[in-house]
Amino acid sequence: MTVNLRSEQDLDKMRIAGRMAAEVLELIEEHVIPGVTTEELDQICHRHIVEIQSAIPACLGYRGFTKSICTSINQVVCHGIPTDKKTLKNGDIINIDVTVIKDGWHGDTSKMFLVGKVPTHAQRLVTVSQECLYLALEMVRPGVRLGDLGHCIQNHAEANHYTVVRDYCGHGIGREFHEDPQVLHYGRPNTGLVLAAGMTFTIEPMVNAGRHTTKVKRDGWTVETIDGRLSSQWEHTIAVTQDGCEVLTARSEESF
Ligand code: MF3
Ligand code: CO
Ligand code: CO
């Protein structure tokens, strides 16, 4: 396993890519309303990344993925494919996952959107999964181990009677989309890789209302919960600093 450490010059490039990915999530918000298709959301993001940011949508063509973003609705855990057949409806929850490449460097981030008026139980899942991400971010600093992060996420999800998806994880990120290390969202304290300043990786917990098990649909991409219950995910790209972490994909609605 090779875990790359970034120089200050590398980080400057990753800050730019991260900000661009975050900006896409900020601009798409007003479009995430009942009646819009996920294809339309994809087109808006694609155009902004290519025409305004002069960047590359990393998902497009990645291992055969045919769209620029992932749109994962309700029981879809991740990797939902935008399509003109899928129209958002009142009460849906949707994760939009954006990865941009700028100047050879990646920024990867996702957030949940509530479509219209969403049932309280779904809102609660969305909130708790965001808390899982934020608790992990608060823990990050040199000397902390990946198992500590996984444990803290799992602990918070399970304390709320939810489960953590095991089949997908966070990842190192930089010049490559997915690098070492794997960042599991469950685990045991005091195990796994010891964090050091300069590491860059994502934390992207997927939290399920029911069982943690998933299946991939016949399209080869769409990951759903086996029991059909809701799933929620939030993702940031971060850099480990001397005394904590820098969230490279922070949005203006967030204060780190
Ligand atoms: N953005 C996803 C991640 O967080 C990966 C999507 S790969 C794709 O790692 F091909 F589905 F786009
Ligand atoms: Co990711
Ligand atoms: Co992502």
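The values are calculated or read from the model by the stated rules, or taken from the named source; none is laboratory data. Everything numeric in this text was worked out from a predicted model, so none of it was measured. Because the Cβ atoms are built from the backbone with ideal geometry, glycine has one as well, and the counts that use them run over all protein chains shown. Each accessible area value is taken on the protein alone, full model and side chains, heavy atoms only, with ligands, DNA and RNA left out. Shrake-Rupley method; radii C 1.70, N 1.55, O 1.52, S 1.80 Å.
Counting only Cβ charges, +1 for Lys and Arg and -1 for Asp and Glu, the dipole size of region 1-106 around its Cα centre is about 320 debye. Counting only C-alpha contacts under 8 Å and six or more residues apart, can you give the relative contact order of the chain as a whole percent? Once normalised by length, the contact order is 23 percent.
Would you work out if region 81-127 is rounded, prolate or oblate? Take a ≥ b ≥ c from the square roots of the eigenvalues of the alpha-carbon gyration tensor; rounded if a/c is under 1.5, else prolate when a/b is larger than b/c, oblate otherwise. Provide the component values of the computation, followed by the final result.
On the way: a/c = 4.57, a/b = 1.76, b/c = 2.59.
It comes out oblate by the Cα gyration axes.
Once you list every other residue whose beta carbon is under 10 Å from the beta carbon of Glu204, what net charge do they have if Lys and Arg are +1 and Asp and Glu are -1? Overall, the nearby charge balance is -3.
State in Å² the accessible area per residue of the chain; use a 1.4 Å probe, count heavy atoms of protein chains only, and round to the nearest integer.
44
Placing +1 on each Lys and Arg Cβ and -1 on each Asp and Glu Cβ, with no other charges, gives region 105-176 a dipole about its Cα centre of roughly 140 debye. Classify region 68-191 as rounded, prolate or oblate, taking a ≥ b ≥ c as the square roots of the eigenvalues of its Cα gyration tensor: rounded when a/c is under 1.5, otherwise prolate if a/b is larger than b/c and oblate if not. Oblate shape, in that a/c is at least 1.5 and b/c is the bigger or equal ratio. With a/c under 1.5 counting as rounded, go ahead and sort region 127-214 into rounded, prolate or oblate using the C-alpha gyration tensor (a ≥ b ≥ c being the square roots of the eigenvalues; past the cut-off, prolate if a/b is larger than b/c, else oblate). Prolate. With N counted as the residues of the chain, its alpha-carbon radius of gyration over 2.2 N^0.38 Å works out to 0.94. Using C-alpha pairs below 8 Å separated by at least 6 residues, the relative contact order for region 134-197 is 48 percent. Got a sec? Charge dipole of the chain, +1 on Cβ for Lys and Arg, -1 for Asp and Glu; which of Ala55, Ala209, Ile226 is way out at the positive end? Farthest towards the positive end: Ile226. Estimated purely from DSSP H runs of n ≥ 4, each contributing -39500 (n - 2.57), the mean residue ellipticity at 222 nm for the chain is -8500 deg cm²/dmol once divided by its residues.
Would you mind working out the magnitude of the charge dipole of the chain relative to its Cα centre, with +1 at each Lys and Arg C-beta and -1 at each Asp and Glu C-beta, to the nearest 20 Debye? Kindly include the intermediate steps, with their values, before the conclusion.
Working: 25 positive and 33 negative charges, 145 e Å.
My answer is approximately 700 debye.
Relative contact order of region 41-192: 17 percent, from C-alpha pairs under 8 Å at least 6 residues apart in sequence. Separation of region 229-253 from region 3-70 is 15 Å, based on Cα centroids.
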